[in-house]
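See structure below.
The values are calculated or read from the model by the stated rules, or taken from the named source; none is laboratory data. Being a predicted model, the structure only gives us computed values, none of them experimental. So basically every Cβ, Gly included, is an ideal-geometry build from the backbone, and we count neighbours across all protein chains shown. For accessibility, only protein heavy atoms count, side chains too; no ligands or nucleic acids. Shrake-Rupley method; radii C 1.70, N 1.55, O 1.52, S 1.80 Å.
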Amino acid sequence: MSAGPRANVDVGRLAQRARETGRLGLDTEFMPEGRYRPLLCLVQVVAGDEVAVLDPLEGFDAAPLADVLADPAVEVVVHAGRQDVAILRREWRTAFAGVFDTQVAAGFAGFSAQAGYSGLLHDVLRIRLPKTASFTRWDARPLTAEQLRYARGDVQHLLPLAAEIQRRLGERGRLEWAREECRAIEEASDERDPAEVWRRLPRVSGLDPRERAVARELAAWRERTAEREDRPVGAVLRDPTVVELAKRRPTERRQFAEIRGVNPDVVRRRGDDVLAAIMRGLEAPPVAVDDGDRLGADASDGPTIALAEALVRARALEAGLAYELIAARADLSPVVVAARRGRPEPDVRTLRGWRRELVGAELLELLSGQRTLGVGPGGRVQVNGV
């Protein structure tokens, strides 16, 4: 049976049902546009055979479900749930334990690491799910019948989908690998530290220590302003403008005219605040370049990175795993550079946990000359000892 968001849903009963069955399916609908943080609009849950669509905008007591999410005895099933987890951690002030993400797990079962929910339902359970209401105004009330059908559909088959993927992973001996990967989602957060957001600016690695100190103060001011006004940070000041201000470091309003992105409205409304942030950066100690920045790859590392990628792709293919689960260039590049310079192993995911077991240790041997790659029978990559 199912209940609409206007029905008198017994949240306590749903929570109890989840504890009895040991599983809870979860999804959310939210609106990120025009806000500092996404607005939570709906929470869909399935426990046993009951599907409920709960409406945070109209209000309900979330405490029983929040307690369930933090209970390691209850498996919380989501699909591509990192943002769902982050929003509910903040809104419900709860922890998560026992998360199982069907998108993440599907990558260990031979599917794409970015498999969509509808496609995965069809491929695994042969169920076709219409997705007609995905891009709608979830903050508008009343919700339409089409929106409610869509919202329920997002969780209705989630538990049997998870069960079938787990069955397949169990047969392959990959279930614990998938669970290990899902544990990282439990700590997902959309909270940002104003003192650290400058590190995400484009081309920030090209700034000198003094420019970095200014960029840090500008980005922190922008972050706090956006939060206070509940608007996207880019609506306060765009990223390229922050970087350009850090480079030029104007000390007077008239100098803003030379900087792209600082329009008259920004000068009028925020000019004094921008100048004050720049002054704080100029007075602060320079931000030194850390070791991670010094370990950048250069052109000569390209062939070695490609060789490392070939090894990882070969092992991923053999294991029936999505390559994206194991490594990206951002993971392999620091490994290659550290090996070339004789530095300690970098802290990247490819060298930790199940990834190290699958290919990480072998990758280090390849980079130290203890293994070679060649082309074996059938044109496949072959790993050889030295």
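Reported count of residues in region 339-386, each being at pLDDT 95 or above and touching a Gly at 6+ places or on another chain (Cβ under 6 Å), is 2. Being among the basic types (K, R), assigned to a loop (DSSP other than H, G, I, E, B), open to solvent by 20 Å² or more (accessible area, probe 1.4 Å) and under 27 Å from E229 (Cα atoms) is a property that R35 has. So, D154, is that one under 23 Å from the mean Cα position of the chain (by Cα) and open to solvent by 70 Å² or more (accessible area, probe 1.4 Å) or not? Criteria not met by D154. Scanning region 322-371 for residues that are more than 16 Å from D298 (Cα to Cα), of a type in the set (A, V, I, L, M, F, W, C) and surrounded by fewer than 18 Cβ atoms within 10 Å (Cβ to Cβ) yields A328, A361. Considering P194, P209, P202, which residue is touching an Asp or Glu at 6+ places or on another chain (Cβ under 6 Å), modelled with pLDDT of 95 or more and open to solvent by 20 Å² or more (accessible area, probe 1.4 Å)? The conditions single out P194.
Counting the residues of region 108-140 that are in contact (Cβ under 8 Å) with a residue 40 or more places away in the chain and open to solvent by 70 Å² or more (accessible area, probe 1.4 Å) gives 2.
Against the conditions (1) farther than 21 Å from V204 by Cα; (2) in contact with a helix residue (DSSP H, G or I) (Cβ under 8 Å, 6 or more places away or on another chain); (3) not β-branched (V, I, T), R269 satisfies every one except (2). Checking region 86-93 against the condition returns a match, with at least one residue being touching a residue at least 12 places away in the same chain (Cβ under 8 Å), within 23 Å of the chain's Cα centre (by Cα), farther than 26 Å from E164 by Cα and not in a helix (DSSP H, G or I). Scanning region 239-270 for residues that are of a type outside the set (G, A, S) and either at positive phi or touching a His at 6+ places or on another chain (Cβ under 9 Å) (or both) returns a single hit, R249.
Being loosely packed, with under 14 Cβ neighbours inside 10 Å and part of a helix (DSSP H, G or I) is the requirement here; does S189 meet it? Considered against the rule, which asks whether it is loosely packed, with under 14 Cβ neighbours inside 10 Å and part of a helix (DSSP H, G or I), S189 comes out as no. Reported count of residues in region 108-139, each being of a type in the set (G, A, S) and modelled with pLDDT of 90 or more, is 5.
Would you check if A80 is within 25 Å of A319 (Cα to Cα), open to solvent by less than 20 Å² (accessible area, probe 1.4 Å), out of contact with any Gly (no Cβ under 7 Å at 6 or more places or on another chain) and not aromatic (F, W, Y)? So A80 fails the test. On the given criteria, is A276 open to solvent by less than 20 Å² (accessible area, probe 1.4 Å), without any contact (Cβ under 8 Å) to a residue 60 or more places away in the chain and not acidic (D, E)? The answer is no for A276.
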